Amino acid sequence: MKALIETINDMFAERLQVPAHRELVVSAVMTGFTQLQKKPVPDLLARTAKLEERVRSMTEHIALHFVNGRLVVKVAGSAEALMNELRRGSDWYAPWDRVDDHVVAAILLEPSK
């Protein structure tokens, strides 16, 4: 069983090395983000663009692993801070309690060619 889990973890890592797949994850996260409730801030477009840059950077430091029989999103450094911010919300947008599920689904999808 351990060898199977390691093989699957490796497959997830390979997927996230492909630029088209990382772009799919960025697109999925930003599409989901549009559904969140936001405060009426004057620079909403600029904030959203900056968030997209952070999400794009996050895809370079994200991994999907099986841990104790469960798929989990693992991130490091500033990417971890962004995931926590998305989960808990910020001073201008509401919490997104299903962001991990959204990321997992995007990683499992095949990008269109």
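The table that follows gives values for the structure above.
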quantity	calculated
Highest-MSF residue in the chain out of 11, 83, 30 [GNM, Cα springs under 10 Å]	11
If the convex hull is drawn through the Cα atoms of the stretch 2-108, its volume per residue in Å³	93 Å³
Amide H within-cut-off set for residue 93, under 5 Å, with H built and near neighbours excluded	39
Helix-only [θ]222 nm of the chain, DSSP H runs n ≥ 4, -39500 (n - 2.57) each, per residue, nearest 500	-18000 deg cm²/dmol
Around residue 97: net Lys/Arg minus Asp/Glu count, Cβ-Cβ under 14 Å	0
Simple Cβ-charge dipole of the stretch 2-108, Lys/Arg +1 and Asp/Glu -1, about Cα centre, in debye nearest 20	220 debye
Degrees, to the nearest 10: 2-15 long Cα axis against longest axis of the chain	40 degrees
Acute angle (nearest 10 degrees) that the helix 44-58 long axis makes with the longest principal axis of the chain, alpha-carbon atoms	20 degrees
Tilt relative to the chain, helix 19-33 - C-alpha long axis, 0 to 90 degrees, to 10	40 degrees
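Each value in this text was obtained by applying a stated rule to the coordinates, not by laboratory testing. Worth saying up front: this structure is predicted, and the values here are computed from it rather than measured. Glycine gets a Cβ as well: all are built from the backbone with ideal geometry, and neighbour counts include every protein chain shown.
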